[in-house]
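Data block below; observations after.
What follows is calculated from the coordinates using simple rules that are stated; it is not laboratory data. Nothing here was measured: the structure is a model prediction, and the numbers come from that model. Heads up, the Cβs are rebuilt from the backbone with ideal geometry, glycines too, and the neighbour counts pull from every protein chain shown.
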Amino acid sequence: MGRTLKKLVRDLLEVCQVLSQNTFMPELHPATQKQGTLESWSDLGHQIIYQLVVFLRPPPRHSFQLQPPGGRHVPERCSNIRVVLECSCSSTTGETSCFVHPTHDAQPSRLLRTLCTGSHLEVEKTAGWVQSLVEAAWERSPQWHDWKLQLLPSSRSCRLLLTGPCQVQLCAELLLAVRQGRPGNFLVLE
């Protein structure tokens, strides 16, 4: 059952990546073997629980920047992630067509409008958006038609209850994180 759950979650994340391309919203990327073990398993007897760290990759012309409180060390969990807009103006044409230097008809960043308060990523909004994205990805995953997905309440992650054939239940929790600094360094949003 563990392999089935892992495959199901990976399939969902692949569809989520496709759905978030070209939307100026983050893409979800599961941790890879290169980054160490960023998954855990629990067997509660009646239910298997799988936790996976999922990185939020910023869309083009955006970056995530940690603002540690009072200049202290970087914690493992954080809720103070600033979204930084990067200039993408064309220096050859002199036109300003980026989020930093918008033209009069340009829209502000969808990421800032949807998932942020001010310029900071809001964990609850982000978790809600990921839950909606996973739900949309599920509808586009016909290979799992004999399974039922139920999103469980969570304001900090994306928790899934999957009921399969013979009423077997598997639970997955996607822990949302952003990469920081050196490879292998990341922060789980809390």
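Shown here for the range 118-175: trypsin sites (Lys or Arg not before Pro) in loop regions (DSSP other than H, G, I, E, B) with at most 13 other Cβ atoms within 10 Å, namely Arg140. Place a point 7 Å from Cα of Asp43 in the direction of its Cβ. Which residues in the range 161-183 have their backbone N less than 13 Å from it? Nothing falls inside the zone, counting backbone N under 13 Å.
If you plug the beta carbon distance of Thr114 and Leu66 into 1/(1 + (r/R0)^6) with R0 = 30 Å, you get a FRET efficiency near 0.90.
For Cys87, put the label point 7 Å out on the Cα→Cβ axis and report which residues of the range 150-187 keep their amide N under 19 Å from it. From the range 150-187, the list is empty.
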